[in-house]
1. Just to confirm a number: summing +1 for Lys and Arg and -1 for Asp and Glu over residues other than LEU57 whose beta-carbon lies under 9 angstrom from that of LEU57, what do you get?
2. Accessible area per residue of the chain at 1.4 Å probe, in Å²?
3. When Lys and Arg each count +1 and Asp and Glu each count -1, what net charge do the other residues less than 14 Å away from VAL22, Cβ to Cβ, add up to?
4. With an 8 Å Cα cut-off and a minimum separation of 6 or more residues, compute the relative contact order for the chain in percent.
5. At GLU30 and ARG66, where each label point lies 7 Å from the Cα along Cα→Cβ, what is the point-to-point distance in nanometres?
6. Which order do the peptides 6-15, 20-29, 47-56 come out in when sorted by mean C-beta neighbours inside 10 angstrom, highest first?
7. Which shape class applies to the chain: rounded if a/c is under 1.5, otherwise prolate when a/b exceeds b/c and oblate if not, where a ≥ b ≥ c are the square roots of the Cα gyration tensor eigenvalues?
8. Measure off, as a whole percent, the carbon and sulfur share of the 1.4 Å-probe accessible area of the chain, all protein chains present.
Amino acid sequence: MYRDGVTTEFSDMDSDWACSFVAGVRDFAEAIREGRQAPLTGEEGKRVLQFCRAIQLSAKESREVRPEEIR
């Protein structure tokens with residue numbers, strides 16, 4: 001992480017995006033069971049997915065892709 005001119009390294013974190021996906025899905029299911037609101041709304045989740053898919057499409061097509069292009 002780079003903040004205020006200082007770089008901080010975190011080596012004890014899993015950097016595989018799939019781990020955060022699994023954790024998010026697990027928390028969503030727990031929120032339903034516990035009757036609480038999940039930290040990420042459905043609309044926020046959609047925007048995150050659009051962002052990720054835009055990155056993938058941009059790399060594949062070698063062009064700028066706006067998240068709004070992803071349906």
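The values are calculated or read from the model by the stated rules, or taken from the named source; none is laboratory data. Here the structure is a predicted model, which means the values were calculated and not measured. Here Cβ is always computed from backbone atoms with ideal geometry, including for glycine, and neighbour counts include all displayed protein chains. All accessible areas refer to the heavy atoms of the entire protein, side chains included, with ligands and DNA or RNA removed. Shrake-Rupley method; radii C 1.70, N 1.55, O 1.52, S 1.80 Å.
1. On the way: positive: ARG53, LYS60, ARG63; negative: GLU61, GLU69.
Summing Lys/Arg as +1 and Asp/Glu as -1 gives +1.
2. The answer is 91 Å² per residue.
3. Here the count lands on -3.
4. For the chain, the relative contact order is 17 percent.
5. Reported label-point gap for GLU30 and ARG66 is 3.8 nm.
6. Those peptides, ordered most packed to least, come out 47-56, 20-29, 6-15.
7. On the way: a/c = 2.14, a/b = 1.15, b/c = 1.86.
It comes out oblate by the Cα gyration axes.
8. The nonpolar share, carbon plus sulfur, comes to 56 percent.
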